[in-house]
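Novice: Sharing a structure with you now.
The values are calculated or read from the model by the stated rules, or taken from the named source; none is laboratory data. Small disclaimer: the values here were computed from a predicted structure and weren't measured. Neighbour counts run over all protein chains shown; Cβ positions are idealised from the backbone, glycine included. Calculation scope for accessible area: heavy atoms of the full protein, side chains included, ligands and nucleic acids excluded. Shrake-Rupley method; radii C 1.70, N 1.55, O 1.52, S 1.80 Å.
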Amino acid sequence: MSQRQVLQGVVSLLRLLLLDVVPSVRQTAALSLGRLADYSMDLAEAIVKAGILPQLVCSLPEENRYYKKSAAFVLRAVAKHSPQLAQAIVQCGALEALVICLEDFDPGVKEGASWAFDYIARHNPELSQAVVDAGAVPLLVLCIQEPEIALKRIAASTLSDISKHSPELAQTVVDAGAIAHLAQMIPNPDAKLKRQVLSALSQIAKHSVDLSELVVEAEIFPVVLTCLKDSDEYVKKNGATLIREIAKHSPELSQLIVNSGGVAAVIDCIGSCRGTVRLPGIMMLGYVAAHSENLSMAVIVSKAKKALKNILQKCTYLPALEALLHDAPPSIMKHIIGQFSKVLPHDSKARRLFVTTGGLKKVQEIKAEPGSLLQEYINAINNCYPEEIVRDKAFYMASHTIISKTEKMYTD
């Protein structure tokens, strides 16, 4: 007897057990069929050819929650292998039964049904449309509002896979009110959920200017920029992908991203990542720069600021830093003052020059937030000089007095 004949015999026996009077036996038989189907396409095809799917679906509404979970697992396991097997699930009337499962009170049953819908919808637009026509989308939107994280994840993933195929399917998801609920979950601490949420919003936004604007109107900026600093690499990648899909459509959307600090955040993200994770961010910068000269300049300036920051953090030649001290913008000033605070405590000549060139006076004029890093740098510089000199601005008129008192302070 060949292995194929043995497997066919096993499938036939399990089909008979689905009719057993004992509920636990029926549930275990369904679970076994699911594991067989999950293992290989050949086994999944054998289950379809054995005519098990109509039997499984027909009994689904009347069964207990444990059987429903196992039956949904069988449908998911068969559907995942190919569009043809997913189509077999549709043709046996499973979608209507799965919709009933999405309305079940048990979160595990809803989760199982969501998984099955996801594996059906991801294959092509026709299968996604079948899921939409069955009425699954509004129920999936309700599922992302449930408290269970696992259910939120798979429901968001399913909405993402439905939206990816066409603007019309994405619009169906939007019309069900998905965007607002997805946007609210961007700050969620669960990394796997954030991946799916960002993916779903990306799949909606990618199709058109109008859909991108609807995503932006859900106030995803600036909160989505925090995802670019997430410890999870896929959260970073999906966050950058979402920003890319919005930026590519129009100069106005790209300008909005620039105004919210998106270009600088993406540049930082690219610098902190490796491999293909960097690609969406790099593409996003290209899309922004391609729209207009002004946007191109915004990208160049952001890159220049990043490069300048790196240079300043390594520069110990104070005369060069002093040239920037009088004209630098606030975002750069912090790094300049930081370098002075590192060098001055250990260099007496630099301390004297800092007074005679007016550097110390300039530092006292800087307005820093109490407790900020800039204020800490200023305090470190002030501690290099006698307290009465820092406090009394009249001393700045007599540099030699400051120098002598400073030298005496370090000598003592």
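Novice: Can you find a residue in the range 12-28 that is farther than 19 Å from Val109 by Cβ, small (Gly, Ala, Ser) and modelled with pLDDT under 85?
Specialist: Yes: the range 12-28 contains one or more residues that are farther than 19 Å from Val109 by Cβ, small (Gly, Ala, Ser) and modelled with pLDDT under 85.
Novice: Quick check: anything in the range 361-375 within 16 Å of Glu322 (Cβ to Cβ) and modelled with pLDDT under 70?
Specialist: no
Novice: Can you tell me how many residues in the range 174-210 are under 14 Å from Leu142 (Cα atoms) and of a type in the set (Gly, Ala, Ser)?
Specialist: Selection size over the range 174-210: 4.
Novice: Here's a follow-up. Look at the range 106-134 and say how many of its residues are of a type in the set (Ser, Thr, Tyr) and open to solvent by less than 10 Å² (accessible area, probe 1.4 Å).
Specialist: 2
Novice: Tyr385 is checked against (1) in contact with a helix residue (DSSP H, G or I) (Cβ under 8 Å, 6 or more places away or on another chain); (2) at pLDDT 70 or above; (3) surrounded by fewer than 15 Cβ atoms within 10 Å (Cβ to Cβ) and fails just one. What number does that condition carry?
Specialist: So Tyr385 meets the others, but not (3).
Condition check ((1) acidic (Asp, Glu); (2) open to solvent by 10 Å² or more (accessible area, probe 1.4 Å); (3) at pLDDT below 95) across all residues:
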| position | (1), (2), (3) |
| --- | --- |
| Val48 | no, yes, yes |
| Leu56 | no, no, yes |
| Ser59 | no, yes, yes |
| Glu62 | yes, yes, yes |
| Val74 | no, no, yes |
| Asp104 | yes, yes, yes |
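Novice: Follow-up. Sort out for me the helices (runs of 4 or more DSSP H) sitting completely within the range 245-345 that have 1 or more residues that are in contact (Cβ under 8 Å) with a residue 40 or more places away in the chain and open to solvent by 50 Å² or more (accessible area, probe 1.4 Å).
Specialist: Passing ranges, in order: 251-259, 262-272, 279-291, 293-312, 330-343.
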